[in-house]
1. Consider A:Ser35 carefully, then state whether it is touching a His at 6+ places or on another chain (Cβ under 7 Å), at pLDDT 95 or above and within 10 Å of chain B (Cβ to nearest Cβ).
2. Determine which member of the set B:Ser21, B:Ser2, B:Ser9, B:Ser25 is over 27 Å from A:Gly118 (Cβ atoms), more than 11 Å from the chain's Cα centre (by Cα) and either surrounded by 18 or more Cβ atoms within 10 Å (Cβ to Cβ) or not hydrophobic (A, V, I, L, M, F, W, C) (or both).
3. Is it the case, given these coordinates, that A:Lys78 is over 15 Å from the mean Cα position of the chain (by Cα), closer than 24 Å to B:Asp93 by Cα and surrounded by fewer than 17 Cβ atoms within 10 Å (Cβ to Cβ)?
4. Of all residues being in a strand (DSSP E or B) and of a type in the set (A, V, I, L, M) in the stretch A:88-123, which is farthest from A:Leu20 (Cα to Cα)? Just the residue, please.
5. How about the stretch B:29-86: which of its residues are in contact with a Phe, Trp or Tyr (Cβ under 7 Å, 6 or more places away or on another chain) and of a type in the set (A, V, I, L, M, F, W, C)?
6. Residues that are among the aliphatic types (A, V, I, L, M) and closer than 20 Å to A:Arg100 by Cβ: find the strands (runs of 3 or more DSSP E) completely inside the stretch B:21-110 holding 1 or more of those.
7. Starting from residues that are hydroxyl-bearing (Ser, Thr, Tyr) and not in a loop (DSSP other than H, G, I, E, B), keep the ones in the stretch A:52-69 and report whichever is surrounded by the fewest Cβ atoms within 10 Å (Cβ to Cβ).
8. Give the number of residues within the stretch A:91-122 that are at the interface with chain B (Cβ under 8 Å from one of its Cβ atoms), closer than 15 Å to B:Phe103 by Cβ and over 12 Å from the mean Cα position of the chain (by Cα).
Amino acid sequence: EVQLVESGGGLVQPGRSLRLSCTADGFRLGDYAMSWFRQTPGKGLEWISFIRRNAYGGSTDYAASVKGRFTISRDDSKNIAYLHMNSLKTEDSAVYYCSRDVLVPKLHSYYYYMDVWGRGTTVTVSS
Amino acid sequence: QSVLTQPPSVSAAPGQRVTISCSGSSSNIGKNYVSWYQHLPGTAPKVLIYDNDKRPSGIPDRFSGSQSGTSATLGISGLQTGDEGDYYCGTWDSSLTTGGHVFGTGTKVTVL
């Protein structure tokens, strides 16, 4: 069965760090781009970060709200993607999800959409 | 902060049809394809529509998508109690150096 499992969430104090893991099962992580998202209570989904396949350079990008504090990475040999979160703030408290991103080539462009998601891991930033 | 606007909620009786709108601009929906995602309580989100109007395998044809200009629409016909949850439109943000996703504000579907 194709699935993603997030782990590493928990309670952390403001200013500290945390590393989330996203383990792929049933497929090769290296064949796909990956993203991280989060959802705060009562609010919608917010995209956080994206990483391309290493075959396409493994480039990354971030939402403005986390740029400079969060880092996305991948270890295809372990089938795991990571989200390293530094300088955490109370507003970073959320359920964090990872997703598998499908590349859709078009005539003069391309785009990605998410076809597999995990169930999420909860991060609480509080003193 | 979502740049795609959806109605906060829609509701209908079982068997009825609902539509959810997604309003964007020429810099997002106007130049990129739209996907739709279903997020039911306690479950992982699921893609319902990609490429504006295509359904992945396993998604019933009760779900349909369309796009026109800077707006997109998700239709759910034959509404079922199991459809209750949150629905999000999304598109690709090619304005970033590498790229990323943008989501709609989300719509809660309630089956009366």
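The values are calculated or read from the model by the stated rules, or taken from the named source; none is laboratory data. Values in this document were obtained by computation on a predicted structure and should not be read as measured data. Neighbour counts are summed over all protein chains in view; Cβ atoms, including those assigned to glycine, are modelled from backbone coordinates with ideal geometry.
1. Values: touching a His at 6+ places or on another chain (Cβ under 7 Å): yes; at pLDDT 95 or above: yes; within 10 Å of chain B (Cβ to nearest Cβ): yes.
It is true that A:Ser35 is touching a His at 6+ places or on another chain (Cβ under 7 Å), at pLDDT 95 or above and within 10 Å of chain B (Cβ to nearest Cβ).
2. Values: B:Ser21 fails: more than 11 Å from the chain's Cα centre (by Cα); B:Ser2 fails: over 27 Å from A:Gly118 (Cβ atoms); B:Ser9 fails: over 27 Å from A:Gly118 (Cβ atoms).
Answer to the selection: B:Ser25.
3. On the way: over 15 Å from the mean Cα position of the chain (by Cα): yes; closer than 24 Å to B:Asp93 by Cα: no; surrounded by fewer than 17 Cβ atoms within 10 Å (Cβ to Cβ): yes.
Taking the combined requirement at face value, the residue does not satisfy it.
4. Step one: filter the stretch A:88-123 for residues in a strand (DSSP E or B), giving A:94-105, A:110-117, A:121-123.
Pick out the ones that are also of a type in the set (A, V, I, L, M) and you get A:94-95, A:102-104, A:114, A:116, A:123.
Values: A:Ala94: 12, A:Val95: 11, A:Val102: 22, A:Leu103: 24, A:Val104: 27, A:Met114: 19, A:Val116: 17, A:Val123: 9 Å.
In this case the residue turns out to be A:Val104.
5. The answer is B:Trp36, B:Ala44, B:Val47, B:Leu48, B:Ile49, B:Leu74, B:Ile76.
6. Numbers: elements: B:34-39, B:46-49, B:63-68, B:71-76, B:85-93, B:100-103.
Result: B:34-39, B:46-49, B:100-103.
7. We begin by selecting, within the stretch A:52-69, every residue hydroxyl-bearing (Ser, Thr, Tyr); these are A:56, A:59-60, A:62, A:65.
From what is left, the residues that are not in a loop (DSSP other than H, G, I, E, B) are A:56, A:60, A:62.
Details: A:Tyr56: 11, A:Thr60: 20, A:Tyr62: 21.
Filtering first and then ranking leaves A:Tyr56.
8. 3
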